């Protein structure tokens, strides 16, 4: 289940990275490259920090294939979707919700065995869950010469990544499936309902 969630998050983040690249009028290779960077950047940071090598997408080509496919889809997508910011923001939120779960799971399992609670495992796992969630976006924005969105005033990206990571970590000791569901829903709620820039306030509430 976690593996498919990881691929799902990879696809979602690759879409958002490619979308931003396409908006800057990059050619097809630029769109695909930025999609890949956004999709695997956070996991790369995480694995380097914890010494988990070879990197996950070097062992399993499905990650790169999924990211490339997402980049191609965005590059050839109809122009109707170019200005659908709220839609792509929602996709980004799905990627964040997926990756904070994966980041916490990988860090806690690899470093601490994943079966006992401690303050150290909590702090490290939550931090690496957050890093997995927004690391790729930081690299993407840096390459494109932008201030990372998560650092901009009014963004609740970091706070959302924190709560998503913390909830999954704590509930995973009770039931992993429950932890995944509650963490995923919480992340989407904070990004798309609680935030004034989310889908609810920008699209649904205005209808």
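Which one of the conditions (1) over 23 Å from residue 21 (Cα atoms); (2) part of a helix (DSSP H, G or I) does residue 89 fail to meet, given that it meets all the rest?
Only one criterion in (1) over 23 Å from residue 21 (Cα atoms); (2) part of a helix (DSSP H, G or I) is unmet by residue 89, namely (1).
Looking at the range 130-150, is at least one residue farther than 29 Å from residue 48 by Cβ and out of contact with any strand residue (DSSP E or B) (no Cβ under 6 Å at 6 or more places or on another chain)?
Looking for residues that are farther than 29 Å from residue 48 by Cβ and out of contact with any strand residue (DSSP E or B) (no Cβ under 6 Å at 6 or more places or on another chain), one finds none in the range 130-150, hence no.
Which of the residues belonging to the range 16-44 are under 22 Å from residue 97 (Cβ atoms) and at pLDDT 95 or above?
The answer is 34, 35, 36, 37, 38, 39, 40, 41, 42, 43, 44.
In the range 93-122, what count of residues is obtained for those that are in a helix (DSSP H, G or I) and either under 19 Å from the mean Cα position of the chain (by Cα) or within 12 Å of residue 2 (Cβ to Cβ) (or both)?
17
For residue 7, all conditions in the list (1) within 14 Å of the chain's Cα centre (by Cα); (2) farther than 13 Å from residue 102 by Cβ hold save one; what is the number of the exception?
Every condition holds for residue 7 apart from (2).
For the range 164-178: of the residues being touching a residue at least 24 places away in the same chain (Cβ under 8 Å) and surrounded by 19 or more Cβ atoms within 10 Å (Cβ to Cβ), which is nearest to residue 94 (Cα to Cα)?
164
Could you please let me know if residue 30 is surrounded by fewer than 22 Cβ atoms within 10 Å (Cβ to Cβ) and in contact with a helix residue (DSSP H, G or I) (Cβ under 7 Å, 6 or more places away or on another chain)?
Yes, satisfied.
Take the range 103-147 and flag every residue that is at pLDDT below 90 and buried (at least 17 other Cβ atoms within 10 Å of the Cβ).
Within the range 103-147, just 114 meets the criteria.
The values are calculated or read from the model by the stated rules, or taken from the named source; none is laboratory data. All values reported here derive from a predicted model rather than from experimental measurement. We place every Cβ from the backbone using ideal geometry, glycine too, and count neighbours over all the protein chains shown.
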